[in-house]
Structures are given as structure tokens and as C-alpha cells.
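Enquirer: Have a look at this one before I ask anything.
The values are calculated or read from the model by the stated rules, or taken from the named source; none is laboratory data. This one's a predicted model, so the numbers in the text were calculated from it and none came from an experiment. FYI the Cβ positions are ideal-geometry reconstructions off the backbone, even for glycines, and counts take in every protein chain you see. In case anyone asks, the SASA skips ligands and DNA or RNA and just uses the protein heavy atoms, side chains included. Shrake-Rupley method; radii C 1.70, N 1.55, O 1.52, S 1.80 Å.
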Amino acid sequence: MLTDPGVRQTELSRPDRILFDIAPAPIWLEDWSQVEAFCDEMRAAGVTDLRQQLESDETLLRSVVSRIRVVDINERAVAFVGAADREGLLGHLPGELLNRSTLDSLVDQIMVIWEGRSYLQVNVSGVDFGGVDIPCQLDWAAPLQDGRPDYTHVVVLVRDVSQHVAVERGMQRHVEQLETLLDMGRGIAATFDVDFILELLVETAAELVGAEESLILLFDTEKEELSKIVSHVYPDEEVAGHSYQEVMDGLSGLAVTSRKAVRSDDIANDPRNKGLAAARAARFPGTSVAVAPIIVDDLVLGTLTTLNNAGSHRFSDVELSLVRTLAAQAAVAIHNAELYEELRGSRDRVQAAHEKLKDTQTQLLAAQKLEAIGSLAAGIAHEINTPIQFVTDNTTFVKESIEALGKLAAAHNEFIAKCADESTLSDEAARLQQMWADNDCDFYFEETPDAIEETLEGANRVAEIVRAMKEFAHPGSESKSAVDVNRVVETTMKVSRNEWKYVSEMELELDAELPPIEGLAGPLGQSLLIMFVNAAQAMAEHRNVDEDGKGLIRVATSHTDDMVEIRISDNGPGIPESIRSRIFDPFFTTKEVGTGSGQGLSIAWSVVVDKHQGQILIEDGDPGAVFRLQLPIKAPTKGSDEQ
């Protein structure tokens, strides 16, 4: 029976009382009828949003809560809230149990009545009489009478969910730790900067294990000296402030020698500290530490240490494991950074070797060009000799003509002088006529114009050969510029004429609308020279000119919207299918030893494919072979070159 006159009297049968008292969970029996009356009053007053009023007006809320009456409570509930006895909990809800969380949950319970419902389950962070937070779950239920909730006999069942909450918080903590590790991993993966990585590691270590300070010590065990210290609390801390021997005398030394993570809840009283380390640790009583070695390829590079001052958090087994994991991550990061530095050094050496190879290739190209020019020199001398002979012979002829005409001019002058004496006129005319015949003047007058024309032709041929040779031999610019491909073809044909004129004819079919390309005129001319000479040599080896007649080399140019093509065809023996994939390889040759270097076509390939990003295609002729040199009109960008 209840003794509080303000409490509605409720009786439980003896069996119900026994079950009520021995129930394993705290149970409250409460009368909420006055709260129901309050809800009716608010409806009558036209209130539509009761929750908003209760949440915004704590005074109103507390006045409503004061209408709740505790009718009965079992012994488990008394113990749960730490009350002295049952009677002290009957009547009004004790104010000591009303914190912000319980008030919020009471709003939810009041809204059950406002909405005419009979059941609610809600989580709340309660508090006992000692002020200790109690995470719990409330099951609030009103029995039904004639289909309507009876709010005079509300049963409130309380479950202690502190363990469940602790597990959830632990899981949340693990998730946060995992996210921190992932963030750290992404940060480490984004750089090979050792200083940045170490700073990130000490910050992450402090955050993960709740340490007040974390630091990394790196040292050289062979030289017995510290090389680096990184602290997230003292970023400017110097190595000079730490002694290698002091480190090795303490727990860090134990971690190094044992190669295992170690911890201490009080370093000042830890007997594992020796010598200098013990003296230093004595100044920090109650300080806890966790230390793990940083090991790379079986070599200890240093330690990762986390610390908490006296009275602070002590490191758990899980946190010690996290420190060990972070130390391993530090080892991997340092090792990767070292590998990167080695790789970068190797890359620099490879780049230097590549530059040297390019210089060598440039020198080789120059040597090949000089060799080609040298081999052409004799032919060019022969080519020049013929028109020079024209000039010499015709100049001699003109000299003789001038001498004869000079004599005739002298006789003519004498004749004019003697014309005054008419008696001698016929004799002088006869003498002048005889002199004209004796000096072959008719011949000179007929032949001299032809001789002069032939002389001019020879001189022009010499000029063309010299000009073409000059263009071919000119080194040109190393950067690409506008190139007239037709002119390059014509120039190369002229300088190479002596190489092919005895075994073949050469026909040009040049596209008059051919656009200029962005390229290198000199190397392109050298490539065409190689092609022309190769074609002539192939026909010289397999054709008897006396019996078969001369061969034919046909060079044609054409273009599309983005490509210029040089098509070189001959009626020689052609190229066997078996060697087509190798003819552009350096040093490959079908000639006898000592007669071919095997560099010509490989140079042509380098010029067309590597320098111009074009291509060389080989096809069968009818008969012979066809080489198609395709060159882009617009020089590709660097990115597309690499691609």
C-alpha cells in the first residue's frame, strides 16, 4: 500500500507483487492521468504543436512533469538509481533524476498521450542519485481498457544499455581510427617527402591513441648517434637536446634491442629504465608511454613514442598495437622514399645517358651525312666537269672568234680609209673579201651564238648543282619550321644524280598544291637521298644496263587534309617479305661485309618516324618496291608525340 496521500492507490495481487519485486529489470508504475488532463486543456486552448511549446519552454515542461505520479517501484529500480529506499521514490519524479536527456525523453512520453498512443521505446542517458550517467532504454506502456489507453497504470521498464553503448562507442572509435589510418595512408601515398610523412605520422599517432605527445626518433646504430627528431608538440625540437645513450638506456632502447613494442604506465618507477634514462624519467612520475621500433630491411632506423602525463590516459593493448602499426607504416614510408630517391637518381642517370645517346646519334647522323656528301663528291665533280668543259671549250672558241673578227675589223677600217681613192676600191674590196673567207667569219657568226648559249647553260648547271649541294649540306635548324617537300625532293634528286643516272632514269610527279609541313628540311633530304641511292644500288646489282636498259625511279608527292606523302617506286628486284620487318633495324644490311654499314634506312626511319611522327610503309611494285613516306602537315604536340 502507498502512504503518500497524493498518490493514487494501487494494489497488486500477491503473485503479481512477487513477480514485480523479483523482475530482473527496473520497473516503475506511474500515473499519467494528470498529464492526460493537461493535454485535453491544451487542445481546448487551440494548441496544435505541443512538442514545440514543450521544447521551447522548460518551465512549462517541468510543470507538466510534476503531474506525473510514481505509484510503485521494484527493488531492482531502487538499486538502479542508487536510492536509499522505495518510499523516497514514490510521488513526484525526483528532481535529481531529471537531466537534459531525461527531460527530452519525457517530451517524447508526453507526446504519446497527446497522440493517443499506448507504447513508446526511447533511449535516454539517465543519471542516478550519485550523478553517474546511466545509458538506458525505456519501454513506456499504458494498458488498454475498452480499447483505449489507461494512463493511470503506465508501466515503465528500464534496461541498462551501458555495455551496448560502450560497444557502440568502441566501434565508432574503431571506425574513426580506421578513417584516420586511411587518411594518413592517402597522405603518405601522395608524396615521397620524408619530413612531411614523419610529421603526418606523429600527428596521426597522437590522435589515434589519445596521446598528449608523440615523437619519432631516427638514429644510426652503427655511428651511435641520433639523426632526426620529429615531435607534433615541439616541431622545432633539435637532436642536440637528446642523447643517443640516454635513448638506448630507456624503453626506446628496449624496443630497439627486442624489436618489439613496449609500454609503461609510470616511467618514473619502471625498472627497465637504466642510467641516464632512469634519471630523466624520474622527473616525470606517472607518465605513461608506448614505444615501437621502426624497422626497414631488418635494420632498426628509430622509434615511434607516444606519451601521456601523470594522471592522464594509460595506453591499452589495442593502442599499443596501433603504435606498432604506425611504426611499421613509418618504416614502409621511409623505405619507399629511399627507393624513390634511388629511382630518381637512376632516372637522372638514364636521362643523362639518353642525352648522351642523342648527342651520339646527332654525331652519327652528321657522320652519315658527311659520308654521303663524300660519296657524292666524286659524282658531283663529274657532273660539274661536263658543263665546265662546255664553258672552257666555248670560251676558247669565242676567243678565237674575237681574234678573227679583230683582224676583220682592222681590215674594215683600212678599207674605209682607202675608199677615198676610188681607183683602189675594187682591189681593197677583193682583199677584204678574201680575208673574210680566210678567217672563216661566216662560221664564227653562225656558231658563236650557239657557243654562248651553251656556255650559259653549262654555267647554270654548275650553279644549280652547287646550290643543291649547298642546300643539302646545310645543317639547318634543330627546331621544326615550314618545309617545301617538293623543293627537298628536287634538291635531293640533283645532288644524287651521279648515283643513279647510269642505271636508271628518274621521273618526278610533284603535287603543285602540296602544302608545306612543319618539319626538318635537312634530315628529310638525307632520308630521301638514302632512298634514292638504295634504289639505284639495287638496280645496279640486279640489272644489266646494256641488255635490260636503264631502270626507272619514280617519285611522286600528294597530300590529304593532314598528311603529305612521298611515294618512291622503282622497277628493281623488290624487297623479300622475309626481311621487310628488319630493313630499318640499325646495322642490318643485305650487302657484303665491308660494302654497307646498315645505318642508312635506320636513319631514314628515325627521321620520318621519330623526328616527324610519320610512318614508312612498304608495298610491292609491279615490279620492284614502293616506299611511302607519310608526314603530318602539322607537327604533333609533345603529349601526342609520346603517345
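Enquirer: State which residue is least open to solvent (accessible area, probe 1.4 Å) when the search covers only segment 201-225 and only residues that are in a strand (DSSP E or B) and farther than 14 Å from Val247 by Cβ. Full working, then the answer.
Expert: Initial filter on segment 201-225 (in a strand (DSSP E or B)): 213-220, 225.
Checking which are farther than 14 Å from Val247 by Cβ leaves us with 213-214.
On the way: Glu213: 40, Ser214: 0 Å².
So the residue we want is Ser214.
Enquirer: With the checklist (1) over 16 Å from Asp139 (Cα atoms); (2) surrounded by 15 or more Cβ atoms within 10 Å (Cβ to Cβ); (3) out of contact with any Lys or Arg (no Cβ under 8 Å at 6 or more places or on another chain) in hand, flag the one item Ala79 doesn't pass.
Expert: (2)
Enquirer: Of the conditions (1) outside any helix (DSSP H, G or I); (2) surrounded by 14 or more Cβ atoms within 10 Å (Cβ to Cβ); (3) not hydrophobic (A, V, I, L, M, F, W, C), Asp104 satisfies every one except a single condition; which number is it?
Expert: Tallying (1) outside any helix (DSSP H, G or I); (2) surrounded by 14 or more Cβ atoms within 10 Å (Cβ to Cβ); (3) not hydrophobic (A, V, I, L, M, F, W, C), Asp104 fails exactly one: (1).
Enquirer: Can I ask one more? Determine whether Gly116 is farther than 16 Å from Gln34 by Cα and among the small types (Gly, Ala, Ser).
Expert: It is false that Gly116 is farther than 16 Å from Gln34 by Cα and among the small types (Gly, Ala, Ser).
Enquirer: Next question, about the same structure. Could you run through segment 107-121 and say how many residues are open to solvent by 20 Å² or more (accessible area, probe 1.4 Å) and over 16 Å from Glu58 (Cβ atoms)?
Expert: Summing the residues that are open to solvent by 20 Å² or more (accessible area, probe 1.4 Å) and over 16 Å from Glu58 (Cβ atoms) in segment 107-121 gives 8.
Enquirer: Taking only segment 91-101 into account, find how many residues are part of a helix (DSSP H, G or I) and either exposed (fewer than 15 other Cβ atoms within 10 Å of the Cβ) or not polar (S, T, N, Q) (or both).
Expert: Summing the residues that are part of a helix (DSSP H, G or I) and either exposed (fewer than 15 other Cβ atoms within 10 Å of the Cβ) or not polar (S, T, N, Q) (or both) in segment 91-101 gives 4.
Enquirer: Kindly provide the set of residues from segment 476-518 that are exposed (fewer than 13 other Cβ atoms within 10 Å of the Cβ), of a type in the set (D, E, K, R) and over 16 Å from Glu565 (Cβ atoms), ordered by number.
Expert: Passing the criteria: Glu478, Glu505, Glu507.
Enquirer: While we're on this one: Determine if segment 157-167 includes at least one residue that is closer than 20 Å to Arg69 by Cα and either open to solvent by 40 Å² or more (accessible area, probe 1.4 Å) or at pLDDT 70 or above (or both).
Expert: There is at least one residue in segment 157-167 that is closer than 20 Å to Arg69 by Cα and either open to solvent by 40 Å² or more (accessible area, probe 1.4 Å) or at pLDDT 70 or above (or both).
Enquirer: Would you mind listing the helices (runs of 4 or more DSSP H) fully within segment 244-322 where at least 3 residues are within 23 Å of Leu198 (Cα to Cα)?
Expert: 244-249, 251-258
Enquirer: Would it be correct to say that Ile566 is touching a Ser or Thr at 6+ places or on another chain (Cβ under 6 Å), within 25 Å of Pro387 (Cα to Cα), modelled with pLDDT of 90 or more and crowded, with 17+ Cβ neighbours inside 10 Å? Explain how you work it out, then say what you get.
Expert: Values: touching a Ser or Thr at 6+ places or on another chain (Cβ under 6 Å): yes; within 25 Å of Pro387 (Cα to Cα): no; modelled with pLDDT of 90 or more: yes; crowded, with 17+ Cβ neighbours inside 10 Å: yes.
Considered against the rule, which asks whether it is touching a Ser or Thr at 6+ places or on another chain (Cβ under 6 Å), within 25 Å of Pro387 (Cα to Cα), modelled with pLDDT of 90 or more and crowded, with 17+ Cβ neighbours inside 10 Å, Ile566 comes out as no.
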